[in-house]
Structure formats: structure tokens, C-alpha cells
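One structure below.
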Amino acid sequence: MEGMNVRLISGRTAVQGQNLDSKLTEKYFGEVARCDMNGNDMEKLGVAKEDTVKVTTAYGAVIVKAKQDDGNPEGMVFIPMGPWCNAVISGDTHGAGMPSFKGVDATVEKTAEAVLPVKELMRTYMG
């Protein structure tokens with residue numbers, strides 16, 4: 001199936017905030033290596049909870065786990081701030097010191113590819 005065009009937003013989750021001092025734990029990785037999607041969008045893509053999806057923007061692509069969140073409007077996805085989100089947003093801070101984590105045009109598609117562990121992800125994107 002072809003990908004679905006969406007708007008990507010990011011921010012911190014409550015669980016993520018509670019684990020800022022333990023960023024190398026599996027709990028933290030599980031919290032940030034994910035893409036929250038509306039259930040209707042998941043159904044259209046043939047994606048179930050915990051399936052992997054590829055999120056692609058003009059800035060890059062990343063593989064994350066799908067998570068259903070019907071609080072997200074259809075056509076909008078959420079990836080928590082962190083290495084996986086950073087792979088698909090612009091590094092340009094527009095002089096504000098912080099990149100834009102909201103309203104990024106993206107495509108989401110189901111994939112059989114695995115989510116990269118953080119060290120491998122960093123090697124892939126940082127060289």
C-alpha cells in the first residue's frame with residue numbers, strides 16, 4: 001500500500017518526562033520510538049498497534065512503532081521528541097534555538113523494517 005500524507009507534530013509525553021534521567025533505558029526507547037495515529041488512519045493503512053511504520057519527510061525517514069491514539073485528529077501523527085523524531089525534522093532553528101516540531105508534512109506507510117536501536121540510529125544519521 002502507498003503511504004498516507006499527514007502532518008507530523010511532536011512534543012514530550014508524561015512518561016518521557018518522568019524518564020529524562022534514564023534516556024538509555026528500554027522504557028524510554030519504547031516511549032519515544034513510536035508514532036501515535038488515529039485509529040481510522042491506521043485502518044486505512046492496514047496498520048495494527050505495534051506494527052512498524054516508516055515516517056518520511058523532506059528531512060529524512062525513520063522507522064517507529066505504531067500506537068493508536070484517537071485523540072489525534074485524522075491526518076495528524078505524533079512522534080515524541082527524541083532521536084527518532086529528530087531524524088525527520090529540520091535542524092533549522094530559525095534563530096530561536098529550537099527546531100520546529102509542529103506541522104511538518106510527512107508520509108506514513110506500513111513497513112516490515114525494524115525500529116533501529118538508538119545507537120544504530122545515531123550512527124545512521126550522524127555518520
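We did not get these values from a lab; they are worked out from the coordinates using the rules stated. Treat the numbers as computed from the prediction; the structure is a model and nothing was measured. Backbone-built Cβ (ideal geometry, glycine too); neighbour counts: all protein chains shown.
With a point put 7 Å past each Cα toward its Cβ, work out how far Asp70 is from Asn40 in nm, to one decimal.
1.1
List residues of region 29-66, by number, whose backbone nitrogen lies under 12 Å from a label position 7 Å along Cα→C-beta of Asp105.
57-59
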